[in-house]
Structures are given as C-alpha cells and as structure tokens.
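Following: one structure in structure tokens, then a few remarks.
Please treat every number below as a calculation from the coordinates, not as lab data. Predicted model only: the values in this text are computed from it and were never measured. Every residue, glycine as well, gets a Cβ built from its backbone with ideal geometry; the counts of neighbours run over all protein chains shown.
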C-alpha cells in the first residue's frame, strides 16, 4: 500500500528534529543547513514523498531558519539603539535580496515560456507559409500549362494562316491560268470570253470575300491570343512578387525566432550570475558574523569571574 504524502507541518517538524539531532547550538547557516538536511535525507526520514514538493518546502524552511538565525545575531560593543537599527537594516537588505532573486527567477521563467510560445507560433506560421507556397507553386504550374496551351493554339492558328496563304496562292495561280486561257481563246471564242469574264469576276469576288473574311478571323484570333499571353505574363509577375514577399516574411520569422532564443539564453546567464553573487554575499556575511559572536561569548564568560554583574540577558543556546 503506497505511503501518503507528508504535510508541510510534518516536513517542518522532521527538519527541525534533524537539526536538533545534529547538535547545532545556534541557528545554522545556509551551508550548515544543507549539510545537515537534504532532499534525499528528508525523503529517507519520511519514508517517501515527491522530490519536487520536498525541495520547495525545504527551500522555504531553509530561508526561514537562516533568516531567523540572522535576526538573532548579537552586535557587541554597540549601543542598543544602533544595534537594533543595524539589525533592522540588515534584515531588510536580506529580505530585499531574497525577494529580488524570487522575482528575477519568476521573470526569467515567464520570459522562457513566452519565448517557447513565440517559437511554437513562429513554427506554425512557417508551416502555414510553406503550405501557401506549395499552393502558389501549384497555381504557377497550372498557369504554365495554360500558357503552353495558348502558345500551342497560337502555333495552330499560324499554321492555319500559312495554309490560307498557300490556298490564296493556288487561287491566284488558277486565276492566272484562266486569264491566259481567256486571252488565247479571245479571237476564236467571243462568247466564251464573255462567259469566262463573268466566271472570272464571280470567282475573283468570292476569293476576295473569303480572303478578307479569313484575314479578319486570323487578326481577331491573334489579338485574343496576344491578350491572353499578356494576362498570363502579368499573372506570373504577380505570383513571382508574392513568392518574394513570402520568402522575405519567412526570413524575418527565422530572425525573430533566433533573437528570442538569444534573449532567453542571455536572461538565463544573468539569473545564474546574480544567484552566484547572492550566494557569495551570504557566505561572506555569515563568515564575518560568526567570529563576532564568538568574541561576544568570550567577553561575557571572562567578565563574570572578575565580579562584574552581567546586566544583559544572555541568549539561550
């Protein structure tokens, strides 16, 4: 059967018991607290528990115990008012530093989460842009097909125009033959000349009509194909501009993502540096306060045998 999770009060009682068993006569420092109590030792003592929950609770108890120890420091050879003012100023400075560390840690975490969210959004936008680019490429391929069909139709129309020109040449050749035949038979066949004259005029008129009609049709078809070709060229230019814009946006999104990653790394480095500075300040302060406390105890112990009354209340160990 799994063991139930320990409550914060149980964890606090266990930590205080471990400190008492370690034999510390005064409130411990941060380094001493970590040597006596750790997440592994506390978990073994409780018989289980979530390491993350135990770590958060242990950090809170450590801050409380170490701050209480700093509050109980004695300042020898100073008036009570000045000692009290210095103690209050020191406690305020330590509290401000701890609050700044918590605030900077929270801001760094929020910045990292915002950067991750922006990166995910940028990746999504890049994927959408890639899909749109694929669609645009498909449309370009379709337009290329239409343009190829239009060019093929233009080639067919040109071939038909060539055929019409060849037919016209044949008709002109036939007309020349008829004219030669009419000149040859002019003397002997007057009536035949008249008949041939009439037929020639009719054929010439029909030929001119057909030629004019075909010429107009060819011109109209060429104009239509030219208009379609210009429209296709304008559409291709517009699609090329759109593709350039999409490529520029893609480059901008990649640059923004790299900037966000760089800012997150810089914030992590600043947070680590400030945390190291705070640890160094605490260690230096505690190292400076410990000799002063020893000197105060030695002074009080040597003052009693000399017969001088001790008017001050001694601190409990």
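Between residue 247 and residue 22, the simple spin-label model (points 7 angstrom out along Cα→Cβ) gives 6.5 nm.
Once fully extended, how much extra length lies between residue 175 and residue 190, figured as 0.36 nm per residue of separation less the alpha-carbon to alpha-carbon distance?
Numbers: separation 15, 0.36 × 15 = 5.40 nm, distance 1.90 nm.
In short, 3.5 nm is gained.
A straight chain from residue 275 to residue 238 at 0.36 nm per residue would run longer than the Cα-Cα distance by 7.8 nm. Counting neighbouring beta carbons within 10 Å and listing from fewest to most, the residues 205, 268 come out as 205, 268.
If the chain linking residue 205 and residue 163 were pulled fully straight, counting 0.36 nm for each residue of separation and taking away their Cα-Cα distance, it would gain 13.1 nm. Modelled label positions at residue 298 and residue 268, each set 7 Å beyond Cα in the direction of Cβ, lie 4.8 nm from each other.
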